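The values are calculated or read from the model by the stated rules, or taken from the named source; none is laboratory data. Note that the coordinates shown come from a computational prediction; the quantities given were computed from them, not determined experimentally. Cβ atoms come from the backbone with ideal geometry, glycine included; neighbour counts cover every protein chain shown.
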Amino acid sequence: MELLLSIIIGFMIIGAIYALHANDLLSALMAAGIVGYSLVICFLLLKAPDLAIVQIVVETITLIYMVAIVLNSSRKELDKGKRRNAFLNISIAVLVAFALVYYFQLAIVNLDVLGEHAPRMAKAYMDGAAEKTGSANLVTGVLFDFRGYDTLGEATILFTAAVGVLTILRIKGRKEKA
Amino acid sequence: MIVFIMCFILFLVGLYGVLTRRNLIKIVIGLTVMEFSVFLFLVLIGYIAHGEAPIIVPGMKEPVFVDPLPQAMVLTAIVIGLATTAMLLSIAIRIYKKYGTWDIREIKNLRG
Amino acid sequence: MEGMSNIVKKVTQLISGLIFMYGLYIITHGHLTPGGGFAGGAIVAGAFILLILAFGSKALNLKKEENATSVTESSAILIVIILAAIGMAAGGAVFFNNYLPLGRVGELISAGVIPLYNIFIGMEVAAALLTIFLAFVIYKEEVLK
Amino acid sequence: MEQLIVLFVIIPLASAFLIPVVGKLVPYFQKVLTSMVLLALTILIFSYLFSGSEATLIYKVGGWEAVENIPIGIYLVLDGLSAILLLVINFIGLLAAFYAVGYMRRYTAENNFYTLLCLMIAGMNGVVLTGDLFNLYVFLEIAVIASYVLVAFGIEKNELEASFKYQVLGGMASLLILFGIGMIYWLTKTLNIADVAQLLKGNSNTSAVQFTQIVLIAGFGLKGAMIPFHAWLPDAHSSAPSPISAMLSGVLIKAIGIYAILRLFFNMFTISYELALIITVIGTLSMVIGVLLAIGQWDLKRLLAYHSISQMGYVVIGVGMGMMILTKGGEKGVAALAIAGGLFHLMNHAVFKGLLFLNAGAIEYLLGTRNLKKMGGLGKNTPITSASSFSASMAISGIPPFNGFFSKLLIIIAAVKGHFYLLALLAVFVSIITLGSFLKFQRYAFFNKTKFEGRLLAQKIPFTMTFSMVVMAVLCLVMSLMIFPGAREVFLTPAVDVLVNATNYSTTIIGF
């Protein structure tokens, strides 16, 4: 299980690196889409069907938004003059990444390994959840009843985003000085 | 253990993308990649070996469920990520209309 | 944004009704099967976006559509917060209290208020995503003019 | 009173959802509703403060009682610290909203402005009230996304760029915070702050906890614009419309940046010496570098934005010193003094920085320019703005009768008593430079001989703007009374108690 997941995440990393270095913006978007959809596979492997559905649909809609914007804009990447010290930048990046990963590995060495998770707060959600919330789907039960307040905040965020996009994309910002 | 480290590497790749890319859309892609890695990290924490998906099916006998709390958190976080990306894209397209390019350095010297 | 070829239009006419129904199914069965307000709402929004993409933006008066969706969105989330506030009045006088009878697990009409939350949050998510997409389309129309 | 805590979040949210629906039909609806809502909330928080109940109020959303003493629902907790933050958010919000009634006539889409203002305030109220980690992240996102849009409200070139940079850095900070919350859930398997505090009481020096603390400091430090992460603040705060920069500088970076660090690092993690050192060093850097960057600025709002960073430095060193003294086992009196100085400065800064941005807005409303060199000769025809701006400038540079002086005095006394002589010296030095740069602002804006050659955009500043400025100017004087024993017990002492004896936050909630 752990091996299978790390292979998929390995492909996601390669896809992400390609997405960031692709020349044409559309191919960069496709690579980002691949990373998103492989996340769906990880969710299915980790027994999270709710997240798989939401991630597929949200990833599709994000791609539609991005392609709607990038389609007839200048898609060619403006890389005037390859960076002279490309090698230096990459080596610095790898060094910093290695140091951070080493520090992260040091931090998580004595935490629970994948799979050994003894839920404490969630134990009350799981045993006897049917009686408390009555919903067969525990995640919906947690989302709408145990932590309904979060979901209200969540719906507000989408409302804010919609109002925000309407505000930013309106035609005239300021009334002409009378 | 290796899975968490790979997840952290994906986070660093996204961070590298956001910090070094000059193209507005690639910065947004870098940010979404960072989001993916944090979501994966949260679900990985909640995974229980041989656990069932957290749906009560009538025929179940004494099931061990995977932890539903991180899944509820990630479901909320995915939609927050969508809202943030939509906001970033609306500002990016507006900047693109004003300057005609996605490139930050271009924008800097056009600004004069 | 002009529409696509006739084949795409015909296929879209067939499919988008199906997608819309599937989205409603996901919303209403949120407490029984995986999915729920968020996933179902996004699928419903996807059905409408598919229509606009296939038939182009001339097909409907976008500005009026945008106002309609943003008004439905505000009213949907207003109903959600009223439903939650009713919890304060009824039951244990506490915000977000599940005050309707829970019924038997696995039946459609069960889990008290959760299906109502699912439906209105699904409506709100669909209207929000549609408003954002319409804002992008209207903005690109203005840019091209 | 227990039932009323939730109103702090429900009322702004409900009004934010109501405005787009009703705002289009009834013309003045959104302005009146916003002001009424914020007035009601300010009165509510005043009633809690003056009721002197001292008890921390706990509200279990959804009615989920703790199972075997493990809290499972989301708790809303109102104690001394959140009370003064709520006071700052709602009162400055009320004055900014009232000011915006006159100022926002120049902008289109006023309906959206008031919706987003209500959402931002609801988000901040939610962050300050919540006792649950993931809930803190969700409401933090609401407040921050609303502020991204409000920064780019005028959709000019530089505003869009400033908002984009702010959004990218803000998005990264949010992901770091979510990453930190994931680590905490991994460590303690629970999200309730009090529960985590109980579990982390023993092993607070393992490498996992330190890694989480660094990630969280980076995330919240970026939100609070402390020195290594301050890059977005000058652009964002200077390009936003004036009432919004007043809210951003005066309230948002406090309610989200500083408050979250205080709540998590005092009440959740057990305070350790290295942590206190990091926080104090960041505070000192912010204080000194912020003011040095501010000297060369000629754009009025950028000057004020840089000063925000340095004044935040004061608050952070006040609290950092308190933490250092507590962990080193020094006497609690000095630590309480330092923390009281920091919190008092936090409240004062909200008032006088908000007033300075409102003055900048009034000047921009009249002259249409923000460049100090182009301004001049305003002293005569705008007496109210020049008087209020004079009082705010004196307050920020710490001149005796005004409130800035007393809070800086507290911090410096605590620094001397706690043997941090370097910090005391730096605090005085930075205060002098602040005075210098604000005298420059006064001279160029109001007492300059040269008549303003451009065309005056308006003859007189609308009533709502002058009213808010006058109220804030009076506040700059009145708040200095908070130092005396009468008013101090009401405002400062409960907040200081929450931080000084940090552990009884979790005992009151879990022991509940």
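Might you check whether a residue that is more than 7 Å from chain A (Cβ to nearest Cβ), among the charged types (D, E, K, R), under 26 Å from C:Asn118 (Cα atoms) and crowded, with 22+ Cβ neighbours inside 10 Å occurs anywhere in the range B:63-70? Within the range B:63-70 (the criterion being more than 7 Å from chain A (Cβ to nearest Cβ), among the charged types (D, E, K, R), under 26 Å from C:Asn118 (Cα atoms) and crowded, with 22+ Cβ neighbours inside 10 Å), the answer is no, since none of the residues qualifies. Within the range D:94-115, is there a residue that is crowded, with 24+ Cβ neighbours inside 10 Å, within 30 Å of D:Trp64 (Cα to Cα) and of a type in the set (S, T, N, Q)? Looking through the range D:94-115, none of the residues is crowded, with 24+ Cβ neighbours inside 10 Å, within 30 Å of D:Trp64 (Cα to Cα) and of a type in the set (S, T, N, Q).
Candidates are the residues of the range D:413-455 that are buried (at least 20 other Cβ atoms within 10 Å of the Cβ) and of a type in the set (Phe, Trp, Tyr); the one that is modelled with the highest pLDDT is D:Phe438. Condition check for C:Ile49 on (1) within 21 Å of A:Thr140 (Cα to Cα); (2) within 11 Å of chain A (Cβ to nearest Cβ); (3) in a helix (DSSP H, G or I): one failure, at (1). When D:Ala208, D:Ala162, D:Ala197, D:Ala173 are checked against the criterion of being among the small types (Gly, Ala, Ser), within 10 Å of chain A (Cβ to nearest Cβ), assigned to a helix (DSSP H, G or I) and in contact with a helix residue (DSSP H, G or I) (Cβ under 8 Å, 6 or more places away or on another chain), D:Ala208 stands alone in meeting it. Here is the figure for the range B:54-97: residues that are within 15 Å of D:Asn158 (Cα to Cα) and either modelled with pLDDT under 85 or of a type in the set (A, V, I, L, M) (or both) total 4.
Check D:Leu39, D:Leu85 and return the single one that is closer than 26 Å to D:Val498 by Cα and not basic (Lys, Arg).
Of D:Leu39, D:Leu85, the one residue that is closer than 26 Å to D:Val498 by Cα and not basic (Lys, Arg) is D:Leu85.
Take the conditions within 14 Å of chain C (Cβ to nearest Cβ), crowded, with 16+ Cβ neighbours inside 10 Å and among the aliphatic types (A, V, I, L, M) and apply them to A:Ile34. Does it pass? Judged against the criteria, A:Ile34 is not a match. Would you mind stating whether B:Ser90 is crowded, with 23+ Cβ neighbours inside 10 Å and more than 7 Å from chain A (Cβ to nearest Cβ)? Spelling it out, it is not the case that B:Ser90 is crowded, with 23+ Cβ neighbours inside 10 Å and more than 7 Å from chain A (Cβ to nearest Cβ). In the range B:1-16, the residues that are more than 7 Å from chain A (Cβ to nearest Cβ) reach residues that are among the aliphatic types (A, V, I, L, M) with C-beta atoms within less than 7 angstrom, at least six apart or across chains, in these pairs: B:Phe11/B:Met34; B:Phe11/B:Val38; B:Leu15/B:Met34. Look at (1) free of Cβ contacts under 8 Å to residues at least 60 places away in the same chain; (2) in contact with a Lys or Arg (Cβ under 8 Å, 6 or more places away or on another chain) and you find that B:Arg105 fails only one, number (1). Every condition in (1) farther than 13 Å from D:Leu119 by Cβ; (2) crowded, with 18+ Cβ neighbours inside 10 Å; (3) of a type in the set (Val, Ile, Thr) is met by D:Val37 except one, and the failing one is (1).
Scanning the range D:297-324 for residues that are in contact with a Leu (Cβ under 9 Å, 6 or more places away or on another chain) and over 20 Å from D:Leu222 (Cβ atoms) yields D:Gln297, D:Trp298, D:Asp299, D:Leu300, D:Leu303, D:Leu304, D:Gly318, D:Met321, D:Gly322, D:Met323, D:Met324. A:Tyr125 - would you say it is at the interface with chain C (Cβ under 9 Å from one of its Cβ atoms) and surrounded by 24 or more Cβ atoms within 10 Å (Cβ to Cβ)? Here the answer is no, as A:Tyr125 does not meet what is asked. Each residue in the range A:140-178 was checked for being touching a Leu at 6+ places or on another chain (Cβ under 7 Å) and hydrophobic (A, V, I, L, M, F, W, C), and 3 pass.
Counted as qualifying within the range A:9-111 are the helices (runs of 4 or more DSSP H) with 3 or more residues that are small (Gly, Ala, Ser), namely A:25-45, A:86-108.
Taken over the range D:150-171, the criterion of being polar (S, T, N, Q) and either in contact with an Asp or Glu (Cβ under 9 Å, 6 or more places away or on another chain) or in contact (Cβ under 8 Å) with a residue 24 or more places away in the chain (or both) is satisfied by D:Asn158, D:Ser163.
When the range D:356-382 is filtered for residues that are outside any loop (DSSP other than H, G, I, E, B) and over 24 Å from D:Met247 (Cα atoms), the ones remaining, listed by number, are D:Leu378, D:Gly379, D:Lys380, D:Asn381.
For C:Pro34, the conditions (1) at pLDDT below 90; (2) in a helix (DSSP H, G or I); (3) within 14 Å of chain A (Cβ to nearest Cβ) are fulfilled apart from (2). When residues in the range B:40-62 are screened for being more than 7 Å from chain A (Cβ to nearest Cβ) and under 29 Å from B:Leu15 (Cα atoms), 2 of them pass.
Note on the range A:147-178: residues that are in contact with a Lys or Arg (Cβ under 8 Å, 6 or more places away or on another chain) and in a helix (DSSP H, G or I) amount to 1.
What are the residues in the range D:368-386 that are under 23 Å from D:Gln297 (Cα atoms) and hydrophobic (A, V, I, L, M, F, W, C), if any? Can you show your working first?
If we filter the range D:368-386 for residues that are under 23 Å from D:Gln297 (Cα atoms), which is where we start, we get D:368-379, D:385-386.
Hits for the range D:368-386 are D:Leu372, D:Met375, D:Leu378.
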